[in-house]
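Trainee: Got a structure for you, written out below as C-alpha cells; questions coming shortly.
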2 protein chains.
Amino acid sequence: MDASSAATETTLTYDELAVGDTFERGSTTLTEAEITSFAGEYDPQPFHLDHDAGADSMFGGLVASGLHTYCACNRLATEAFFSRVAFMGGRGVDELRWHRPVRPGDTLSVSVEVTTKRVSESNPDRGYVDVDVTGTNADGDVVVTWTVLGMVRIAA
Amino acid sequence: MDASSAATETTLTYDELAVGDTFERGSTTLTEAEITSFAGEYDPQPFHLDHDAGADSMFGGLVASGLHTYCACNRLATEAFFSRVAFMGGRGVDELRWHRPVRPGDTLSVSVEVTTKRVSESNPDRGYVDVDVTGTNADGDVVVTWTVLGMVRIAA
C-alpha cells in the first residue's frame, strides 16, 4: 500500500504498520547558499565550500556535504513517516551510503519502506520498526540511502 | 600516538596514517536555540522542539536531534582529522548509534581513531581508511559513535 496517500492523517501505531508499507514525500531543493552554509557549520571540507576546490576534487564541482543530503532527506522522511507514526526515537542508523553527488539546484524526494518489525521483549509498550530510507534526485537517480532502527509505541 | 598533538599541521597522506592513530578535538556546546533551530529544519519531532513534549517523551525533557549531535560532532571530527588528512570523501557511514541524550548546554568533544586501511585495487592513487568517531559529553559519557568509510590520497 502507499500509506502516504491514505485519506486519514491519524497517528499510526505499531500494529497499524506492516512490512512493505511505503511512504513517500518530495521535494526539497538544495541551493548553493544552503550547501555552503551547512558545510561551513558542520562539514567544512573545501569541496563543499568552494567552486574551484570542488572542480579540483573527485566530484568535479561543488557538491553538498553528505550530511546535508542526509539531513535534508530526513526532513522529508519525517514529514512522510516519522511524524505520521507514534515514533519514540531512533536506536541508530545503519548503512548510510552516498551513491551520487548532490549539486546546487538538485531537487530531492524520499521514500520510506518498513522492512522489519517486532515487539520489544523488555518493554512491551513498544515495538522495534526498521525502515529503509531512499533519497532520489529529479532524474530518478538514487543519491542517498540509510536504514533507521526505530521504536514505535504499541498503543497511541 | 596522539596525532592531534603533533607539532606539524601538514596534510597527512595515506602512508602517514597507521591503525590506532587517534585524533582528538573539543569542544562544542549545543544551546537550546541551536537545538530547536536544527530540529525545525531537519528533524521536526516534538521532543526536539518543545519542553513539554520532551518531558512527555521517553527522554524526560527537550533533547537534541540525533542528527544534530552527529553533525556537531562531525564538525569537531573534521577539525581533528578529516581536514588534517588528504581526505577525498566518504564512501559511507556505518553503525551510527546514540548512546545518551544530549540536552541544551551539553558540551561535546570527539575522538577519531583509525581502525583499518588498505590501498584501493581499482584506483591505486587512493587508500581506503576507516575511522571510528566517538562523541563524549563533559561528564565523559559517550553520547554518539559512528564509523566512517573514507578515502585518502596516497600522495599529497
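The values are calculated or read from the model by the stated rules, or taken from the named source; none is laboratory data. All of these numbers come straight from a predicted model, not from anything done at the bench. A quick note on method: Cβ atoms are made from the backbone with ideal geometry, for glycine too, and the neighbour counts reach across all protein chains shown.
Trainee: Which condition number does B:Arg118 fail, the rest of (1) of a type outside the set (Gly, Ala, Ser); (2) out of contact with any helix residue (DSSP H, G or I) (no Cβ under 6 Å at 6 or more places or on another chain); (3) part of a loop (DSSP other than H, G, I, E, B) being met?
Mentor: (3)
Trainee: Please count how many residues of the stretch B:48-74 are part of a helix (DSSP H, G or I), over 17 Å from B:Asp132 (Cβ atoms) and out of contact with any Ser or Thr (no Cβ under 6 Å at 6 or more places or on another chain).
Mentor: So the count comes out to 10.
Trainee: Of all residues being over 14 Å from the mean Cα position of the chain (by Cα) and within 7 Å of chain A (Cβ to nearest Cβ) in the stretch B:88-105, which is farthest from A:Asp56 (Cα to Cα)? Just the residue, please.
Mentor: Out of the qualifying residues, it is B:Gly89.
Trainee: While we're here: Can we say A:Glu41 is closer than 22 Å to B:Leu96 by Cα, assigned to a helix (DSSP H, G or I) and of a type in the set (Asp, Glu)?
Mentor: The answer is yes for A:Glu41.
Trainee: Name the pairs whose Cβ atoms lie under 9 Å apart, with the first residue in the stretch B:109-130 and farther than 15 Å from B:Leu17 by Cβ and among the small types (Gly, Ala, Ser), the second exposed (fewer than 14 other Cβ atoms within 10 Å of the Cβ) and modelled with pLDDT of 95 or more, and 6 or more positions between them or separate chains?
Mentor: B:Ser109/B:Ala138
Trainee: Continuing with this model, one more query. Please list, ordered by first then second residue, the pairs with beta carbon atoms under 6 Å, 6 or more apart or interchain, first in the stretch A:20-39 and buried (at least 19 other Cβ atoms within 10 Å of the Cβ), second among the aromatic types (Phe, Trp, Tyr).
Mentor: Every condition considered, the pairs that remain are A:Phe23/A:Phe81.
Trainee: Now a separate question. Does at least one position in the stretch A:18-29 carry a residue that is at pLDDT 95 or above and either among the acidic types (Asp, Glu) or in contact with a Pro (Cβ under 6 Å, 6 or more places away or on another chain) (or both)?
Mentor: yes
Trainee: Still on this structure, I have one more. Which of the residues that make up the stretch B:54-87 are more than 10 Å from the chain's Cα centre (by Cα), facing chain A (nearest Cβ under 9 Å) and without any contact (Cβ under 8 Å) to a residue 12 or more places away in the chain?
Mentor: Matches in the stretch B:54-87: B:Ser57, B:Met58, B:Ser83.
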